[in-house]
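The values are calculated or read from the model by the stated rules, or taken from the named source; none is laboratory data. For clarity, every value in this text was computed on a predicted model and none was experimentally measured. As a convention, Cβ positions derive from the backbone with ideal geometry for all residues, glycine included, and neighbour counts pool all protein chains shown.
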């Protein structure tokens, strides 16, 4: 009788231990979320001022072409959107475009976002006043000619100068019976054109 009781107690202890093990498994905390970073490559950057954003926040200033990474990590499954908050502005103005900048975090860090920067370019020209005849010809940088037939704004056709470029506008031919003079100006009638010179023509004086 005594042996039977001992065996029963042993079985009860084993059952209790097994039960406790089951409780521990049910209360076990889930594994922590995996944090992954978002980044990529910047190309063509010519100066300072480029600022990127991740999901409308977390500003990241980029000062040179090459790899970049936002320091804040995202959890697996989170959406991400990389945008340009501020474009480069010194020593030249640039426009930067984002490719592959949107998606959801999968099982690895994102490193294929591309930021391509190009220097802004502009149509160039100026304005003419006092012209009364034909024959006025202007030249840009010694190679690009334009014939001016009337007063008002003009541009050099088919020519665009990158921001920060040097330029020289000269009078190649004078209109009949007139003298024209050039003065530099700095005016931007729109976002695509810069008027860099003012040409004023007057009647040629006669010597008696």
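For residue 158, which of the numbered conditions (1) within 26 Å of the chain's Cα centre (by Cα); (2) in contact (Cβ under 8 Å) with a residue 40 or more places away in the chain; (3) not assigned by TED's automatic domain parsing to the domain that holds residue 73 fails to hold?
(2)
From 153, 112, 191, grab the single residue that is exposed (fewer than 14 other Cβ atoms within 10 Å of the Cβ) and in the same structural domain as residue 73 (by TED's automatic domain parsing).
Numbers: 153 fails: in the same structural domain as residue 73 (by TED's automatic domain parsing); 191 fails: in the same structural domain as residue 73 (by TED's automatic domain parsing).
Unique residue meeting the criteria: 112.
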